[in-house]
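A.B. asks: Mind having a look at this structure? Questions to follow.
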Amino acid sequence: MPVQTTDELAPRGRVALGLLRETQPGERRVALVPSDVKRLSASFDILAEEGAGARAGFSDGDYEAAGSRTVPVERIRGSARVVVGIRAPFWATELAAGATLLSLGGRDASLTKLLTSAAISHLGLERLPRVTRAQGMDVLSSQASIIGYAAVLEGAQHLPMILPMLTTAAGVIRPANVMVLGAGVAGLQALATARRLGAVTHGFDVRTAAREQVESVGATFVAPDVVLASTETTGGYAREQSKDEQKSLRRALSDHLRKMNLIITTAQIPGQPAPLLIDDETLALLSPGTVIVDLAAESGGNTSRTLADQEVLVGDVTILGPTQLASRNAGDASRLFSGNIRQLLEHVGVKDGALQLNQSDPIVSALLGLLADGETGSP
């Protein structure tokens, strides 16, 4: 009697879903955590790669107790109809034709071309549209919350001072001044975190609607003396500014930045290089010991001297360009990412043993990259 394989023993009607162990250096997150595996197990036969969640604090035993099976990555390549990861694996084109990959990488044109030629559908998570019913699926926003928090701690470790005011018998230490440029999810979380730690907080965004959001977390909204044309797209994102507009804004902001101790920059334009907010002229005006944490480092940076994942000294100013802040808090970052993925999979749904990619659904069509440019973006 022939021996049945684990795939032959899989319950009928469920879709084989492969959960990957991340391989990019510094990436410790996992795309699904055991609690969400358990909730998805009615619709999916989940194959978790060996060690998939170990670096985020979840053992293979945790996944097996939740209803998944631990398998080598080769089994996922050969039999999974749906594959989930934080980032697209380098071997993604080796998936079976007709498979669906859920991961970041939706703005990588070369990756899209390769997957399309291999007949693999890619739900690029960056392409999720900003609509109310998609909020629970938005991995960029959930991870930005972690990143904004971590950015303040990262900057504080490099400051020559502490953030809160301190009164002692030896004297009084004044609180640090913190400025956040960009009041998206990461920026607002950074402002809230810095305030909780006792800093005096200031925020700026080119979008006029951001004033109320900045003030809602207890920060002072900085309104530089410069007039900009409409700065917000229909999707709620900041539009790309002209070079002249960016230069005027930099000069107007410099007087405010020179009074700051910690500056966190978060400004990004979906699908475009990050705008230059702090140039060499502004860097020369900053106080000695100032620290800049540039959260746009991966897309070019908001300063003229930012280098991704490096610490740069310009005179007495320190510029940090971290790109893996979410991974430093891998457990909670994974829980949020996983919740987004679970809600996305529940939204897409399974029918007759297959994932339903209904292209008439605006969320699905956007994730597949079928909407016009400008209709998707990131927080």
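Here, each number is a calculation from the coordinates, and none is a lab measurement. Every value quoted in this text rests on a predicted model; they were computed, and no experiment measured them. Here the Cβ positions follow ideal geometry from the backbone for every residue, glycine too, while neighbour counts run over all protein chains shown.
A.B. asks: Given G26, T201, V73, which one lies farthest toward the positive end of the charge dipole of the chain, if we put +1 on the Cβ of every Lys and Arg and -1 on the Cβ of every Asp and Glu?
C.D. replies: Result: T201, furthest along the dipole toward the positive end.
A.B. asks: In debye, nearest 20, what is the charge dipole magnitude of the chain about its Cα centre with +1 on Lys and Arg Cβ and -1 on Asp and Glu Cβ, if you could check? Each step should come with its number before you reach the end.
C.D. replies: Working: 35 positive and 40 negative charges, 101 e Å.
Magnitude of the dipole: close to 480 debye.
A.B. asks: Among the lysines, which fall within straight-line cross-link reach of K38, defined as a Cα-Cα distance under 27 Å, with same-chain neighbours fewer than 8 residues apart omitted?
C.D. replies: Output for K38: K351.
A.B. asks: Neighbour counts of other C-beta atoms within 10 Å: give me I319, I120 arranged from fewest to most. Display every interim value, and only then the final one.
C.D. replies: Values: I319 27, I120 20.
Sorted ascending by nearby Cβ count, the order is I120, I319.
A.B. asks: Would you pull out the residues with amide H under 5 Å of L101's amide H, same chain only if 5 or more places away, H placed 1.01 Å from N?
C.D. replies: V83, S121, H122, L123
A.B. asks: Which label belongs to the value computed from this structure, given these candidates for Cα extents along the principal axes in Å: (1) 51, 47, 44; (2) 93, 49, 38; (3) 82, 50, 33?
C.D. replies: (3)
A.B. asks: Could I ask something else about it? Which is farthest toward the positive dipole end of the chain among V217, S299, A48, measuring Cα position about the Cα centre, with Cβ charges +1 (Lys, Arg) and -1 (Asp, Glu)?
C.D. replies: The residue sitting most towards the positive pole is V217.
A.B. asks: Can you sort E346, E74 so the residue with the fewest Cβ neighbours within 10 Å comes first?
C.D. replies: Details: E346 15, E74 10.
Ordered from fewest to most neighbouring Cβ atoms within 10 Å, E346, E74 come out as E74, E346.
A.B. asks: Sticking with this one: Treat the count of other C-beta atoms within 10 Å as a stand-in for reagent exposure and order R87, R29 from fewest to most. Write down the numbers at each step before the final one.
C.D. replies: Details: R87 19, R29 28.
Taking fewest neighbouring Cβ atoms as first place, the list is R87, R29.
A.B. asks: Got a sec to turn the phi values of the stretch 180-192 into Karplus ³J(HN,Hα) couplings, 6.51 cos²θ - 1.76 cosθ + 1.60 with θ = phi - 60°, whole Hz, x for Gly and Pro?
C.D. replies: 3J(HN,Hα) across the stretch 180-192, in whole Hz: 10, 9, x, 10, x, 4, 5, x, 5, 5, 5, 4, 5.
A.B. asks: Taking 0.36 nm per residue of separation and subtracting the Cα-Cα distance, what length does fully extending H158 through L114 add? The partial results should precede the final answer.
C.D. replies: On the way: separation 44, 0.36 × 44 = 15.84 nm, distance 4.16 nm.
Contour length minus Cα-Cα distance gives 11.7 nm.
A.B. asks: Could you work out how far helix 330-348 tilts from the main Cα principal axis of the chain, as a 0 to 90 degree angle to the nearest 10?
C.D. replies: With both axes taken from Cα atoms, the answer is about 50 degrees.
A.B. asks: Follow-up question, since we're still on this one. What's the local net charge at L307, with K and R +1, D and E -1, over the other residues with C-beta under 13 Å away? Don't skip to the end; give the middle numbers.
C.D. replies: On the way: positive: R305; negative: D294, E298, D309, E311.
Overall, the nearby charge balance is -3.
A.B. asks: Set the Förster radius R0 to 30 Å, insert the Cβ-Cβ distance between S287 and L307 as r into 1/(1 + (r/R0)^6), and round the FRET efficiency to 0.05.
C.D. replies: Values: r = 22 Å, r/R0 = 0.73.
It comes out at approximately 0.85.
A.B. asks: Among all the aspartates and glutamates, which ones have a C-alpha under 19 Å from K259's C-alpha, if same-chain residues fewer than 8 places away are not counted?
C.D. replies: Leaving aside aspartates and glutamates fewer than 8 places away in the same chain, those within reach of K259 are D205, D225, D279, D280, E281, D294, D316.
A.B. asks: Give the percent of DSSP beta bridges with both residues in the chain that are antiparallel, rounded to the nearest 5. Walk me through the numbers on the way to the answer.
C.D. replies: Working: 10 of 48 bridges.
Close to 20 percent.
A.B. asks: Please list, in chain and number order, the residues 5+ apart from R87 or on another chain whose amide H is under 5 Å from its amide H, with Hs placed from the backbone.
C.D. replies: Sorted by chain and number, the residues that satisfy this are L104.
A.B. asks: How much length is gained on full extension from R251 to R196, taking 0.36 nm per residue of separation minus their Cα-Cα distance? Before the final figure, lay out the partial values.
C.D. replies: Working: separation 55, 0.36 × 55 = 19.80 nm, distance 3.01 nm.
Between R251 and R196, full extension yields 16.8 nm more.
A.B. asks: Between the stretch 98-113 and the stretch 310-361, what is the separation of their alpha carbon centroids in Å?
C.D. replies: What the calculation gives is 14 Å, centre to centre.
A.B. asks: Then there is this: From the phi angles alone, apply the Karplus equation (6.51, -1.76, 1.60; θ = phi - 60°) to the stretch 291-308 and give each ³J(HN,Hα) in whole Hz, x where the residue is Gly or Pro.
C.D. replies: Whole-Hz 3J(HN,Hα) from phi for the stretch 291-308: 10, 10, 10, 9, 7, 9, 4, 5, 10, x, x, 8, 10, 6, 10, 5, 10, 4.
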